[in-house]
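Notes follow once the structure below has been shown.
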Amino acid sequence: MTDLLVRGGTVVTATGSSVADVAIEGGRIREVAPDLGGLAANAHEVVDASGLLVLPGAVDVHTHTRVATDAEPDRFFQDSVAAAFGGTTTFLAFNNPGTGSSPAAERSLMAGLKEWRAATSQDSAVDYAVSLAISGRMDDPVAELPAVIGEGVPTAKAFMVFDFRLADERIYQAMRVMGERGGLLEVHCEDPVLIDTAVAAALQRGDTSPRYHATTRSTTAEGVATARALAFAQQADAPVHVVHLSAADALRHVREARAAGVRVTAETCPHYLALTDERYDDPDDATVARYVISPPLRSAVDQEALWAGLASGDLDLVATDHVPDRVAVEKAEAARGIPFDRISNGAPGIETLLSIVYGFGVAKGRLTIERMVDLLSTTPARRFGLTSKGAIEAGRDADLVLLDPAARRTLRAADLHHTSDYTPYEGFEVEGAVRSVLVRGRPVVHDGVYVGSRGYGTFVARRNAGSE
Ligand code: MN
Ligand code: MN
């Protein structure tokens, strides 16, 4: 028997769109066909999707959603609800270096993984998984990689910059181990020599306000680090994923490496697509601090290069780099006169991914709807080993978003559900609105109302990652 029949919507895949019905059984898509009306009489529920786009749920592979604590018991759950409202049905979180983990987790990937799994168990509204952040302060993280892959976590991120960065030789080793074991190393590409020198010089001059965060992290520093990571991947014959690519220079390196046979994928983020470095011109330090993100916001020229890269295939996916900072807490550091290099990095975005990419990409004619589905669902699912996710086809999980393309909305923090107290997109008008969201065939958002339950979201163990 059909549990749910979604009728008459425009079903979108990475390769085409057509008006079709979707039959769901046991949480999975059973059939997609132009007219499954014959199943309606015996279906448990029929959803009318006429006039709506039926999309695979977005797969956000880059978030820093924070685990619950005694002081903030709802923050992981609340951000997972925000994901659902935004049309994201699976998200990957990082276990963050230096943010509330135990001393054991600071030294060991496996200890951190076990802690994170326990802390997030039965706490999510949508499906989720984890990528591990490899810190240079750990005892021997590279040696632990085979074991963590065996625990269903074949992706991890290494940082070339920051005080917890991983030394180049260990990044290269990590790539080799991941490549041999069916894993995928993600790399935060910024050059520590160029950046640390610029930061020290700025502080020496007394240029401590948050706008200097941006001036000390050049596109050259990102580009040269990206080129180095890609050269490592080529030499290691391993796949590599470049996170949060922000600028034309780094994108050029990705294009050239791919042409040379490097198995690279690269992501960019909504903030680089919708905001530019003019945000750093605001005279108010506390306002500028909202945009302290690494890499920083870039020029309008870089932004156009990113949109072109998404359309052409030079860029592979969009993920949020969601950091649930709050103006009233983390970003108040700037107002207290704390120097820019010690202000918390990142901005919220888990709920606005689809809004930004649809509203500024598809609705503005920069991307086709099929390309958007590839960028937000199909490619991230495939590359990160989420084999049951990312497409509307028989056998996959019935993770569906019903989006009204004719709706217009104004993004406002007051209307969002994430744990942050602001959005970088306050007042932005976008076309398109998420109406309903299904996770494994069950409604989580219905007609704009949350109808899910805490703990329904399941941890997705992955066998491997890095598929082409
Ligand atoms: Mn990063
Ligand atoms: Mn990040």
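The values are calculated or read from the model by the stated rules, or taken from the named source; none is laboratory data. These figures come from a predicted structure and were not determined experimentally. Quick reminder, even Gly has a Cβ in these numbers, built from the backbone with ideal geometry, and neighbours come from all protein chains shown. To get the accessible areas, we keep the full protein, side chains included, count just its heavy atoms, and leave off ligands, DNA and RNA. Shrake-Rupley method; radii C 1.70, N 1.55, O 1.52, S 1.80 Å.
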*Considering every pair of different Cα atoms, what Kirkwood radius, in Å, is found for segment 336-468?*
16.9 Å
*If you project the alpha carbons of the chain onto the principal axes, what extent comes out on each, in Å, largest first?*
73, 49, 49
*segment 203-242 - convex hull of alpha carbons, volume per residue in Å³*: 79 Å³
*Debye sum, Cα scatterers, segment 162-245, no solvent: what log₁₀ I/I(0) at q = 0.13, 0.17, 0.23 1/Å?*
-0.47, -0.70, -1.04
*Measuring from label point to label point, each 7 Å out along Cα→Cβ, what is the T387 to S102 span in nm?*
3.3 nm
*Return the FRET efficiency for the residue pair V451, A414: r is the Cβ-Cβ distance, R0 is 25 Å, and the value is rounded to the nearest 0.05.*
0.70
*Can you tell me the accessible area per residue over segment 329-444, all protein chains present, probe 1.4 angstrom, in square angstrom?*
33 Å²
_Run the paramagnetic zone check for E429: 7 angstrom along Cα to Cβ, then residues of segment 355-380 with backbone nitrogen under 19 Å._
355-366
*Positive dipole terminus of the chain, leading residue within G395, V32, S209 (C-beta point charges)*: G395
*Expressed in whole Å with the largest first, what are the equivalent ellipsoid semi-axes of segment 323-407 derived from the C-alpha gyration tensor as the square root of 5 times each eigenvalue?*
34, 17, 12
*Whole number please: convex hull volume per residue, Cα atoms of segment 402-468, in Å³.*
175 Å³
*For R117 and A328, what is the calculated FRET efficiency with R₀ set at 45 Å and r taken between the beta-carbons, to the nearest 0.05?*
0.90
*What size of dipole, in debye to the nearest 20, comes out for segment 336-445 about its Cα centre when the only charges are +1 on Lys and Arg C-beta atoms and -1 on Asp and Glu C-beta atoms?*
180 debye
*From zero up to wherever the largest Cα-Cα distance of segment 1-142 sits, split into 5 Å bins and tell me the percent of pairs in each.*
2, 9, 15, 15, 13, 11, 10, 8, 8, 6, 3, 1, 0
_Among P56, G150, G136 the positive-end extreme of the charge dipole of segment 48-150 (Cβ point charges)_ = G136
*For segment 78-231, how big is Rg over Rh, using alpha carbon atoms and the Kirkwood form of Rh?*
1.02
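For segment 39-84, what is one quarter of the convex hull surface built on the Cα atoms, given in nm²?
5.6 nm²
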*Out of every Cα pair in segment 305-370, what percent are spaced more than 14 Å from each other?*
67 percent
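Hey, with R₀ at 45 Å, roughly what FRET efficiency would N42 and S312 work out to, going by the Cβ-Cβ distance, to 0.05?
Calculated value: 0.45.
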*Given K331/K389; K157/K389; K114/K389, which pairs have Cα atoms separated by over 30 Å?*
K331/K389
*Once the Cα gyration tensor of segment 221-312 is diagonalised, semi-axes √(5λ) in Å*: 28, 13, 9
*Cα-projected label distance for T220 with S50, points at 7 Å along beta-carbon direction, nm*: 6.1 nm
